[in-house]
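Visitor: My questions all concern the structure below.
The values are calculated or read from the model by the stated rules, or taken from the named source; none is laboratory data. Worth saying up front: this structure is predicted, and the values here are computed from it rather than measured. Counting neighbours? That spans all protein chains shown, and the Cβs are built from the backbone with ideal geometry, glycine included. Ligands, DNA and RNA are stripped out before the accessible areas are found, and what is left, the full protein with its side chains, is counted by its heavy atoms. Shrake-Rupley method; radii C 1.70, N 1.55, O 1.52, S 1.80 Å.
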Amino acid sequence: DSGVTQTPKHLITATGQRVTLRCSPRSGDLSVYWYQQSLDQGLQFLIQYYNGEERAKGNILERFSAQQFPDLHSELNLSSLELGDSALYFCASSVVPRNTGELFFGEGSRLTVL
Amino acid sequence: TQLLEQSPQFLSIQEGENLTVYCNSSSVFSSLQWYRQEPGEGPVLLVTVVTGGEVKKLKRLTFQFGDARKDSSLHITAAQPGDTGLYLCAGASGTSYGKLTFGQGTILTVHP
């Protein structure tokens, strides 16, 4: 158990819909990262928050947004969903945004868009 | 864009055999990590290497960071069925905190 909690574990929805994925980081970790894992692209960095503020952005689509709340939990919002958005979405956390970058991953949220 | 090429993509071996997984890039990384992921779970950190030429051992696993910090290898001695899983290398650069570049992964299957 990494200490990172993600909900829901599985989500099935239709194209055009909007979903919210939730993440609670490890106790004491200030940084939250979102990654997308698909068969063809592998694990791709989406976005990072540190203590409530956006710190780094990857190849995150404009239809996707995220935020980190004062209690440090984070939400990833995916809207106007397309079939290609079907993937595993991982949240990870770390104590500080360190260059060595060790991350602790949650178990992921599997999104299926039909 | 930094890329990490991991090879081989698939590895199927018998229990007791040795194996090596490679991770190569044309970019320099400030650190490189190896993760293992099992079905239905998130990646779990195995090791972080930071210094060029660094070698770290974790029981039967040996990790090496290239002198130029552009490549790394994972060697498993006497593989066991419990080693089965997806192995991922991930690089961090000096300008991006926690924004890891992942290799495509190596799916290892160890048959009893």
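Visitor: Go through region A:14-32 and count every residue that is open to solvent by less than 30 Å² (accessible area, probe 1.4 Å) and over 14 Å from A:L88 (Cα atoms). Explain how you work it out, then say what you get.
Guide: Step one: of region A:14-32, the residues open to solvent by less than 30 Å² (accessible area, probe 1.4 Å) are A:19, A:21, A:23, A:25, A:29, A:31-32.
Restricting the remaining residues to those that are over 14 Å from A:L88 (Cα atoms) gives A:25, A:29, A:31-32.
Residues that pass the stated criteria total 4.
Visitor: Answer yes or no as to whether A:K57 is in contact with a strand residue (DSSP E or B) (Cβ under 7 Å, 6 or more places away or on another chain) and without any contact (Cβ under 8 Å) to a residue 12 or more places away in the chain.
Guide: On the way: in contact with a strand residue (DSSP E or B) (Cβ under 7 Å, 6 or more places away or on another chain): yes; without any contact (Cβ under 8 Å) to a residue 12 or more places away in the chain: yes.
In short, yes.
Visitor: I'm trying to understand the selection: among the residues of region B:54-112, which are under 13 Å from the mean Cα position of the chain (by Cα), hydroxyl-bearing (S, T, Y), more than 11 Å from chain A (Cβ to nearest Cβ) and farther than 10 Å from B:C23 by Cβ?
Guide: Correct list: B:T62 only.
Visitor: Hey, which of the strands (runs of 3 or more DSSP E) in region B:1-89, taking only ones fully inside, have at least 1 residues that are under 23 Å from A:S94 (Cβ atoms) and out of contact with any helix residue (DSSP H, G or I) (no Cβ under 9 Å at 6 or more places or on another chain)?
Guide: Details: elements: B:5-7, B:10-14, B:19-24, B:31-37, B:44-49, B:55-58, B:61-65, B:71-76.
Where strands (runs of 3 or more DSSP E) fall fully within region B:1-89 and carry at least 1 residues being under 23 Å from A:S94 (Cβ atoms) and out of contact with any helix residue (DSSP H, G or I) (no Cβ under 9 Å at 6 or more places or on another chain), they are B:5-7, B:19-24, B:31-37, B:44-49, B:55-58, B:61-65, B:71-76.
Visitor: Can you tell me which residues in region B:1-29 are of a type in the set (S, T, N, Q) and open to solvent by less than 30 Å² (accessible area, probe 1.4 Å)?
Guide: Residues satisfying the conditions are B:Q6, B:S25, B:S27.
Visitor: Say whether the condition of being away from every other protein chain (no Cβ under 13 Å), surrounded by fewer than 18 Cβ atoms within 10 Å (Cβ to Cβ) and over 11 Å from the mean Cα position of the chain (by Cα) is met by at least one residue in region A:89-108. Explain how you work it out, then say what you get.
Guide: So in region A:89-108, the residues away from every other protein chain (no Cβ under 13 Å) come out as none.
Looking for residues that are away from every other protein chain (no Cβ under 13 Å), surrounded by fewer than 18 Cβ atoms within 10 Å (Cβ to Cβ) and over 11 Å from the mean Cα position of the chain (by Cα), one finds none in region A:89-108, hence no.
Visitor: Looking at A:Q36, A:Q6, A:Q68, A:Q41, can you tell me which residue is polar (S, T, N, Q) and open to solvent by 50 Å² or more (accessible area, probe 1.4 Å)? Explain how you work it out, then say what you get.
Guide: Numbers: A:Q36 fails: open to solvent by 50 Å² or more (accessible area, probe 1.4 Å); A:Q6 fails: open to solvent by 50 Å² or more (accessible area, probe 1.4 Å); A:Q68 fails: open to solvent by 50 Å² or more (accessible area, probe 1.4 Å).
When all the criteria are applied, what remains is A:Q41.
Visitor: Restricting to region B:33-45, and then to whatever is more than 10 Å from chain A (Cβ to nearest Cβ) and modelled with pLDDT of 95 or more, can you tell me which residue is nearest to B:Q64 (Cα to Cα)?
Guide: Checked region B:33-45; the qualifying residue nearest to B:Q64 (Cα to Cα) is B:W34.
Visitor: Working only within region A:34-70, note down all residues that are more than 10 Å from chain B (Cβ to nearest Cβ) and at positive phi.
Guide: Once the filter is applied, which keeps residues that are more than 10 Å from chain B (Cβ to nearest Cβ) and at positive phi, region A:34-70 yields A:N51, A:G52.
Visitor: Okay, next question. In region B:101-110, is there at least one residue being among the aliphatic types (A, V, I, L, M) and either part of a loop (DSSP other than H, G, I, E, B) or surrounded by 18 or more Cβ atoms within 10 Å (Cβ to Cβ) (or both)? Walk me through it before giving the result.
Guide: Within region B:101-110, the first condition is being among the aliphatic types (A, V, I, L, M), and the residues that meet it are B:107-108, B:110.
In the following step, the residues that additionally are either part of a loop (DSSP other than H, G, I, E, B) or surrounded by 18 or more Cβ atoms within 10 Å (Cβ to Cβ) (or both) were identified as B:108, B:110.
Yes, some residue in region B:101-110 is among the aliphatic types (A, V, I, L, M) and either part of a loop (DSSP other than H, G, I, E, B) or surrounded by 18 or more Cβ atoms within 10 Å (Cβ to Cβ) (or both).
Visitor: Can you tell me which residue in region A:44-53 is surrounded by the most Cβ atoms within 10 Å (Cβ to Cβ), limited to those that are closer than 17 Å to A:S93 by Cβ and under 11 Å from the mean Cα position of the chain (by Cα)? Steps first, answer last, please.
Guide: To start, the set of residues in region A:44-53 that are closer than 17 Å to A:S93 by Cβ comprises A:45-53.
Next cut, under 11 Å from the mean Cα position of the chain (by Cα) only: A:45-49.
Details: A:F45: 22, A:L46: 21, A:I47: 23, A:Q48: 27, A:Y49: 24.
Within region A:44-53, the match that is surrounded by the most Cβ atoms within 10 Å (Cβ to Cβ) is A:Q48.
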